[in-house]
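A.B. asks: So that we are looking at the same thing, I have put the structure below in structure tokens.
The values are calculated or read from the model by the stated rules, or taken from the named source; none is laboratory data. Model, not experiment: these values are computed from the prediction. Neighbour counts are summed over all protein chains in view; Cβ atoms, including those assigned to glycine, are modelled from backbone coordinates with ideal geometry. Heavy atoms of the whole protein, side chains included, go into the accessibility calculation; ligands, DNA and RNA do not. Shrake-Rupley method; radii C 1.70, N 1.55, O 1.52, S 1.80 Å.
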Amino acid sequence: MELFFNPFDNLICILLGISFTVWFTLLLVFIIVPAIFGVSFGIRRLYMKTLLKIFEWATLRIERGAKENNHPLVKPYSNAIIAKEPTSLEEEIKEIRRSGSNRDLDSASEFEMSDIFYFARRGVESIMDDEVTKRFSAEELESWNLMTRSNNNFHYISLRLTVLWGLGLLIRYGFLLPLRVTLAFTGVGLLVFLTSVVGFLPNGRMKNFLSEKVHLMCYRICVRALTAIITYHDSENKPKNGGICVANHTSPIDVIILASDGCYAMVGQIHGGLMGVIQRSMVKACPHVWFERSEVKDRHLVAKRLSDHVEDKSKLPILIFPEGTCINNTSVMMFKKGSFEIGASVYPVAIKYDPRFGDAFWNSSKFGMVNYLLRMMSSWAIVCSVWYLPPMSREEGEDAAQFANRVKAAIARQGGLVDLLWDGGLKRGKVKDTFKEEQQKLYSKMLVGTQEDRSRS
């Protein structure tokens with residue numbers, strides 16, 4: 001029996017050996033080597049254009065099938081469900097009073113029972129059209145991208161459409177996912193190994209040069225592990241040494257997206273496990289700024305470490321996401337002012353993802369990191385645009401909060417995002433009492449007037 005199965009076993013081993021050889025040769029020639037030299041053959045962009053044509057056909061087929069079968073189409077909500085006019089609290093309350101009385105109430109300074117309707121209406125509007133909560137859920141697409149989780153209109157329309165969806169499922173999970181996982185392990189493995197090796201070199205120009213090349217190569221391999229198609233705009237404004245790069249935050253892969261076009265010093269808390277291994281190896285080759293868990297809440301210590309870093313013009317620019325949490329790429333929320341108190345030049349960067357190919361938003365309260373990465377690697381691609389904005393500095397008489405809001409507004413304007421004043425921390429916390437007190441003060445001012453008004457009377 002052994003003699004009978006030996007030739008068969010040998011044939012299987014030979015075929016497996018040939019398969020692995022061909023597989024890694026393709027990876028080396030078409031992905032890893034181009035990543036090392038920072039070149040592209042244009043295959044990913046051709047792939048993106050082909051997908052767009054397929055998506056357009058699938059969407060038209062769904063709309064035609066819905067009409068034939070009398071199925072209503074679900075249209076996604078826009079950024080605002082309720083149309084609101086930009087009016088003040090005082091104007092709206094006066095309008096409510098006029099509608100319920102024939103008296104001239106323009107100068108009324110007493111409480112009216114009808115005032116309750118203003119606050120009740122605003123409360124219902126906030127529940128129906130919550131500007132905060134809807135920023136932490138994936139946006140619904142108008143077109144279907146052949147992924148079940150992407151559109152509410154997905155249901156059986158025709159055999160051809162179902163076969164196309166099944167073929168897409170096979171391609172994404174049978175070919176793209178194994179390829180991307182291989183590339184991800186290759187990129188991370190090389191990053192840990194090569195940065196550890198570079199870390200043994202003495203500090204100097206050679207070490208900095210090799211560290212930069214190693215980081216760029218490994219991040220570009222990781223970018224290809226996501227089939228990321230990135231368009232960089234205005235590269236002449238790229239962050240320079242001694243500066244601080246601030247960007248809107250949608251996903252953990254924002255770091256890879258930016259670092260594949262230039263090197264940055266990362267800022268963050270020290271972790272354990274695999275992330276801790278990566279952090280310890282990276283800091284050997286490059287002066288990243290890692291904090292212990294006990295140090296993160298010490299604002300003065302954090303500011304001191306960051307100030308010391310930016311004062312050394314030979315060190316890489318610091319990369320910071322001032323929102324402090326991931327937003328679903330439809331808006332920009334409040335920037336924490338800490339990184340704007342340092343006094344260094346700030347280089348704003350706007351990142352905008354195209355959700356048609358894959359949703360990059362990480363809903364950390366719903367998906368763990370591993371689950372999220374699997375969703376990313378089983379998507380069609382990650383397509384995004386990055387805009388480097390001109391450097392900005394704090395103006396005379398401007399405090400850190402005002403400077404942060406000015407930078408945030410510039411990023412939102414360039415990326416086509418909604419500029420919100422809300423704190424992203426509301427994702428897991430309650431509304432601060434100061435927001436409630438602000439409305440109370442406005443209403444109190446309307447009833448009793450300011451101190452100056454009372455002194456005149």
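A.B. asks: Leaving out ligands, DNA and RNA but keeping every protein chain, what accessible area does Arg45 have, in Å² rounded to the nearest 10, with a 1.4 Å probe?
C.D. replies: Here the residue's solvent-accessible area equals roughly 100 Å².
A.B. asks: For Phe291, what accessible surface area do you get with a 1.4 Å probe? Give it in Å², rounded to 10.
C.D. replies: So the heavy atoms of Phe291 present about 10 Å² to solvent.
A.B. asks: Work from the charge dipole of the stretch 148-428 (Cβ charges, +1 for Lys and Arg, -1 for Asp and Glu, about the Cα centre) and give the residue of Ala360, Gly242, Gly397 farthest towards its positive end.
C.D. replies: The residue sitting most towards the positive pole is Ala360.
A.B. asks: Past the 30 Å Cα-Cα mark, which pairs from Lys313/Lys336; Lys240/Lys366; Lys53/Lys213?
C.D. replies: Numbers: Lys313/Lys336 24 Å; Lys240/Lys366 37 Å; Lys53/Lys213 37 Å.
Lys240/Lys366; Lys53/Lys213, as the Cα separations exceed 30 Å there.
A.B. asks: Explain nothing, just compute: Karplus ³J(HN,Hα) = 6.51 cos²θ - 1.76 cosθ + 1.60, θ = phi - 60°, for every residue of the stretch 30-40 in order, whole Hz, x for Gly and Pro.
C.D. replies: 9, 10, 5, 5, x, 5, 4, 9, x, 10, 9
A.B. asks: Let a ≥ b ≥ c be the square roots of the eigenvalues of the Cα gyration tensor of the stretch 216-282; is it rounded (a/c under 1.5), or, if not, prolate (a/b larger than b/c) or oblate?
C.D. replies: Values: a/c = 1.87, a/b = 1.29, b/c = 1.45.
Oblate is the answer for the stretch 216-282, as a/c is 1.5 or above yet b/c matches or exceeds a/b.
A.B. asks: Would you check the accessible area of Phe37, probe 1.4 Å, heavy atoms only, in square angstrom rounded to 10?
C.D. replies: The accessible area comes out at roughly 150 Å².
A.B. asks: Also, I was wondering about something else. Tell me, what % of the accessible area of the stretch 148-428 is carbon and sulfur with a 1.4 angstrom probe?
C.D. replies: Details: 7700 of 12760 Å².
In the stretch 148-428, the share of accessible area belonging to carbon and sulfur is 60 percent.
A.B. asks: Can you tell me what the convex hull of the Cα atoms of the stretch 148-428 projects to on average, as an area in nm²? Before the final figure, lay out each step's value.
C.D. replies: Working: hull surface 64.1 nm².
Its Cα hull, projected and averaged over all orientations, spans 16.0 nm².
A.B. asks: Something else: Roughly how many debye, to the nearest 20, is the charge dipole of the stretch 181-237 about its Cα centre, given +1 on each Lys and Arg Cβ, -1 on each Asp and Glu Cβ, and no other charges? Please report the intermediate quantities before stating the final value.
C.D. replies: Working: 5 positive and 3 negative charges, 47 e Å.
Result for the stretch 181-237 is approximately 220 debye, rounded to the nearest 20.
A.B. asks: Additional query: Find the accessible area per residue for the stretch 190-275; the probe is 1.4 Å, ligands and nucleic acids are left out, and the unit is Å². Walk me through the numbers on the way to the answer.
C.D. replies: On the way: 3620 Å² over 86 residues.
That works out to 42 Å² for each residue.
A.B. asks: List the GluC sites (Glu not before Pro) in the stretch 259-341 that DSSP assigns to loop (not H, G, I, E or B) and whose Cβ has at most 12 other Cβ atoms within 10 Å. Which are they? Before the final figure, lay out each step's value.
C.D. replies: On the way: sites: Glu292, Glu295, Glu311, Glu323, Glu341; in loops: Glu292, Glu323, Glu341.
Of the GluC sites (Glu not before Pro), the ones in loops of the stretch 259-341 whose Cβ has at most 12 other Cβ atoms within 10 Å are Glu292.
A.B. asks: If you don't mind, another one. Would you work out which of Val349, Leu319, Ile171 lies farthest towards the positive end of the dipole of the stretch 148-428? Charges go on Cβ: Lys and Arg +1, Asp and Glu -1.
C.D. replies: Projecting each Cα onto the dipole axis, the largest value belongs to Ile171.
A.B. asks: If amide hydrogens are placed 1.01 Å from N in the peptide plane, which non-local residues have theirs closer than 5 Å to the one on Ile382?
C.D. replies: It is Ala228, Ile229, by chain and number.
A.B. asks: Only sites in a loop by DSSP and with at most 16 other Cβ atoms within 10 Å count here; which trypsin sites (Lys or Arg not before Pro) in the stretch 309-368 make the cut?
C.D. replies: Values: sites: Lys313, Lys315, Lys336, Lys337, Lys352, Arg356, Lys366; in loops: Lys313, Lys315, Lys336, Lys337, Arg356, Lys366.
Passing both the DSSP loop test and the Cβ count: Lys313, Lys337, Lys366.
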